[in-house]
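**Q** Quick one: this structure, given as structure tokens, is what I'll be asking you about.
The values are calculated or read from the model by the stated rules, or taken from the named source; none is laboratory data. Values in this document were obtained by computation on a predicted structure and should not be read as measured data. Virtual Cβ from ideal backbone geometry, glycine too; neighbours counted across all protein chains shown. Please note that ligands, DNA and RNA were not included when accessible areas were found on the heavy atoms of the full protein model with its side chains. Shrake-Rupley method; radii C 1.70, N 1.55, O 1.52, S 1.80 Å.
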Amino acid sequence: MIKIKLHNTLAREKQTFVPLDENNVRLYLCGPTVYDRAHLGNARNVIMFDILYRLLIKAYGKNSITYVRNFTDIDDKINNRSLETGRPIKDITSETIQWYMDDMAALGNLEPDLMPRATDFIPQMINYIERLIEEGFAYAEEGHVLFSVSKYKNYGRLSGRSIEDMIAGARVEVASYKRDPMDFVLWKPSEKNLPGWNSPWGRGRPGWHIECSAMAHDLLGANFDIHGGGNDLQFPHHENEIAQSCCAYPESEFARYWLHNEMLQVDGKKMSKSLGNFFTVRDLLDRGYSGEVIRFVFLSTHYSKPMDWNNSKALEAENILRKWRELIKNNSEKISLSEEVIKTLSDDLNTAGVITLLHNYANNGEIGKLKGAANFLGILTEEMGDWCEFYDMGFLEKLFMDFRKLAIENKNFENVDELRSKLTTAGVDVQIGKSNVVLVPNASFDLKKVDEIISFYGLNKV
Ligand code: AMP
Ligand code: ZN
């Protein structure tokens with residue numbers, strides 16, 4: 001059996017992962033609020049969980065894993081978007097969900113087994129809240145229902161904060177319907193023009209935290225294995241999920257392992273919509289960065305470390321992948337997945353360690369291993385390779401050789417020199433051998449300029 005170690009936020013250490021049931025391993029990732037395109041930072045936890053999912057499938061078998069990632073399709077940001085644009089909420093959320101699925105697929109992520117939408121789980125949420133009220137952990141006031149934080153003695157355990165720290169650190173709202181400023185909303189009333197559902201407390205809508213508790217409980221049970229998200233969700237979101245779940249089901253531990261990724265940064269600051277320093281996954285794809293290149297950049301940094309996205313990383317990734325694709329292109333070596341790859345990933349998803357292994361395989365000419373390990377990470381696969389076809393230099397190499405042959409015959413190198421200088425300007429190194437020429441894109445490679453060369457000589461790309 002593969003021994004997987006994961007850094008468990010709850011324990012503050014790396015622990016050996018032991019599932020509750022080897023035949024039914026369950027994980028839950030907090031998904032996006034669907035009102036707009038995902039920004040690049042949002043992709044980080046998806047890639048982290050995707051690698052975890054692949055590793056668990058390898059260890060326990062596909063049929064033994066349930067991976068749930070939700071869509072938060074009730075939220076004030078969605079309501080505001082609808083009020084601003086006059087578009088129905090359902091249109092906005094359906095469109096955004098499709099965008100999200102397309103973008104995450106473009107980055108090479110497998111689809112989770114279940115992708116519940118919050119609006120499909122309102123009765124479960126209402127039940128959950130009723131249970132909390134019955135047990136004395138929540139109270140209704142002025143059409144709101146609030147969770148009474150002081151009733152849960154382990155509050156703050158996940159994020160390691162004291163109640164005082166939490167009050168100081170969070171924007172804790174004081175409101176007339178709250179008995180204690182720390183109490184958080186389970187249910188709130190909806191005005192007529194906002195989405196609402198009938199409940200014992202009047203027409204209203206759920207708070208954010210209860211969604212995940214109710215969906216996880218319904219789909220995975222009171223106890224499950226792994227829960228995750230960005231580390232910005234530790235408090236208050238995950239802390240509140242634990243409080244609700246452990247109070248509604250006192251015998252349960254809710255999730256046993258908690259995985260949190262560090263933030264993606266831009267110029268040392270968290271990439272975020274509220275800071276305005278973000279770009280979407282789609283922006284990058286549209287600007288010609290391939291999903292494979294973006295994925296590679298993410299995999300190169302361990303999920304627990306802060307990570308910067310920048311152009312030079314992307315260019316470097318592009319060069320490496322192009323080189324590796326060249327190596328595997330006409331190689332018939334049997335694909336093999338080395339044990340050391342699984343061992344490295346099993347050490348808290350050490351993807352950067354596997355990238356080092358890939359470099360070693362490439363340098364040693366172990367192409368079967370290169371392919372096996374890369375495919376396991378979701379790169380160097382056929383589906384992810386479309387972008388690379390544009391960089392197939394074969395036809396330009398042939399043109400160069402034809403020109404060169406003529407030049408030698410005619411003792412006139414004007415045309416060859418012109419082609420060479422065009423290629424150099426486009427960021428392509430021209431390596432002339434005795435009987436061949438190899439064109440290698442370098443860090444200044446510019447696809448547009450290559451396209452111009454192609455049309456200048458009236459060539460076809462393929
Ligand atoms: P939000 O867009 O804030 O609703 O967050 C959705 C998910 O993306 C959560 O799991 C966040 O932790 C995560 N997230 C948001 N911003 C970043 C970032 N800059 N880097 C990594 N993860 C992020
Ligand atoms: Zn959640």
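**Q** Averaging sequence separations of C-alpha pairs under 8 Å and six or more residues apart, then dividing by the length of the range 81-222, give the relative contact order as a whole percent. Write out the running numbers ahead of the final one.
**A** Working: 129 pairs, mean separation 31.2, N = 142.
In percent, rounded to a whole number, it is 22.
**Q** Arrange the peptides 412-419, 172-179, 203-210, 103-110 so that the one whose residues have, on average, the most other Cβ atoms within 10 Å appears first. Display every interim value, and only then the final one.
**A** Details: 412-419: 14.5, 172-179: 12.5, 203-210: 22.0, 103-110: 20.4.
Highest-to-lowest ranking by the protection proxy: 203-210, 103-110, 412-419, 172-179.
**Q** Roughly how many percent of the accessible protein surface of the range 81-224 is carbon and sulfur, given a 1.4 Å probe and a whole-percent answer? Kindly include the intermediate steps, with their values, before the conclusion.
**A** Working: 3410 of 7110 Å².
So the carbon and sulfur contribution to the accessible surface is 48 percent.
**Q** Could you tell me how many degrees, from 0 to 90 and to the nearest 10, lie between the Cα long axis of helix 76-85 and the main elongation axis, the longest principal axis, of the Cα atoms of the chain?
**A** Tilt of helix 76-85: around 70 degrees.
**Q** Quick one: angle between helix 367-377 and the longest Cα principal axis of the chain, in degrees between 0 and 90, rounded to 10, please.
**A** 30 degrees
**Q** Once you list every other residue whose beta carbon is under 10 Å from the beta carbon of Phe296, what net charge do they have if Lys and Arg are +1 and Asp and Glu are -1? Write out the running numbers ahead of the final one.
**A** Values: positive: Arg295, Lys313; negative: Glu292, Glu316, Glu318.
Its environment carries a net charge of -1.
**Q** Once label points are set 7 Å from the Cα along Cα→Cβ at both Glu134 and Asp232, what is their separation, rounded to one decimal in nm?
**A** 3.8 nm
**Q** What is the spin-label model distance, in nm, from Ala105 to Asn360 if the labels are put 7 Å beyond Cα along the C-beta direction?
**A** That separation, rounded to one decimal, is 3.6 nm.
**Q** Using alpha-carbon positions, what is the distance between the centroids of the range 370-410 and the range 204-225, in Å?
**A** Cα centroid of the range 370-410 versus Cα centroid of the range 204-225: 49 Å apart.
**Q** Compare the peptides 343-351, 430-438, 15-23, 370-378 by average per-residue count of other Cβ atoms within 10 angstrom and give them in order, highest first. Write out the running numbers ahead of the final one.
**A** Working: 343-351: 19.9, 430-438: 11.1, 15-23: 14.1, 370-378: 22.8.
Per-residue Cβ counts within 10 Å, averaged per peptide and sorted highest first, yield 370-378, 343-351, 15-23, 430-438.
**Q** Additional query: Before anything else, pin down the relative contact order of the range 1-140: Cα pairs under 8 Å, at least 6 apart, normalised by residue count, whole percent.
**A** Working: 141 pairs, mean separation 36.1, N = 140.
Computed value for the range 1-140: 26 percent relative contact order.
**Q** So what are the ³J(HN,Hα) numbers for the range 129-142, from phi and the Karplus equation (6.51, -1.76, 1.60; θ = phi - 60°), rounded to whole Hz, Gly and Pro as x?
**A** For the range 129-142, the Karplus curve yields 5, 4, 4, 5, 5, 4, 7, x, 9, 9, 9, 9, 7, 6 Hz.
**Q** Say R0 is 35 Å: what FRET efficiency, to the nearest 0.05, do Asn198 and Asn311 get from their beta-carbon distance?
**A** 0.10
**Q** Can you give the extra length, in nm with one decimal, that the chain gains between Asn80 and Asp286 once fully stretched, where that is 0.36 nm per residue apart less the Cα-Cα distance?
**A** 71.4 nm is the gain from fully extending Asn80 to Asp286.
**Q** Set the Förster distance to 60 Å, then compute FRET efficiency between Asn330 and Asp165 from the Cβ-Cβ distance, nearest 0.05. Intermediate results must be reported in sequence, preceding the final value.
**A** Working: r = 59 Å, r/R0 = 0.99.
The computed FRET efficiency comes out at 0.50.
**Q** How high is the relative contact order of the range 265-376, in percent, with contacts defined as C-alpha pairs under 8 Å that are six or more residues apart? Don't jump to the answer; show the numbers that get you there.
**A** Values: 85 pairs, mean separation 28.5, N = 112.
About 25 percent, as a whole number.
**Q** Would you give the gap between the C-alpha center of the range 261-318 and the C-alpha center of the range 77-100, rounded to a whole Å?
**A** 25 Å
**Q** Continuing with the same structure: May I have the pair-distance distribution P(r) for the range 1-47, computed from all Cα-Cα distances with 5 Å bins from 0 and rounded to whole percent?
**A** 5, 14, 17, 20, 18, 11, 10, 4, 0
**Q** Let me make sure I get this right: for the range 88-205, a, b and c are the square roots of the gyration tensor eigenvalues over alpha carbons, sorted descending. Under 1.5 in a/c it's rounded, otherwise prolate if a/b > b/c, else oblate. Which is it?
**A** On the way: a/c = 2.07, a/b = 1.39, b/c = 1.49.
Since a/c reaches 1.5 but b/c is at least a/b, the shape of the range 88-205 is classed as oblate.
**Q** Okay, moving on. Multiply the residue separation of Asn23 and Ala407 by 0.36 nm, subtract the distance between their alpha-carbon atoms, and state the gained length in nm to one decimal. Intermediate results must be reported in sequence, preceding the final value.
**A** Values: separation 384, 0.36 × 384 = 138.24 nm, distance 6.87 nm.
Result: 131.4 nm gained on full extension.
**Q** Compute the acute angle (0 to 90°) between the alpha-carbon long axis of helix 89-106 and the principal axis of greatest extent of the alpha-carbon atoms of the chain; round to the nearest 10°.
**A** 40 degrees
**Q** To continue, here is another question. What is the spin-label model distance, in nm, from Asp91 to Asp451 if the labels are put 7 Å beyond Cα along the C-beta direction?
**A** The answer from the label model is 3.2 nm.
**Q** Then there is this: Report the normalised scattering of the chain as log10 I(q)/I(0) at q = 0.14 Å⁻¹, calculated by the Debye formula with identical scatterers on the alpha carbons.
**A** Evaluating at q = 0.14 Å⁻¹ gives log10 I(q)/I(0) of -1.33.
**Q** Over the chain, average the accessible area per residue using a 1.4 Å probe and give it in Å², no decimals.
**A** Numbers: 21360 Å² over 462 residues.
Heavy-atom accessible area per residue stands at 46 Å².
**Q** Residue-wise, which Karplus ³J(HN,Hα) couplings in Hz belong to the range 212-227, taking 6.51 cos²θ - 1.76 cosθ + 1.60, θ = phi - 60°, and x for glycine or proline?
**A** 5, 4, 5, 5, 4, 5, 5, 9, 10, x, 5, 10, 9, 8, 10, 10
**Q** Counting only protein heavy atoms, what percent of the accessible surface of the range 336-462 is carbon or sulfur at a 1.4 Å probe?
**A** On the way: 3360 of 6820 Å².
After summing per-atom areas, the C and S share lands at 49 percent.
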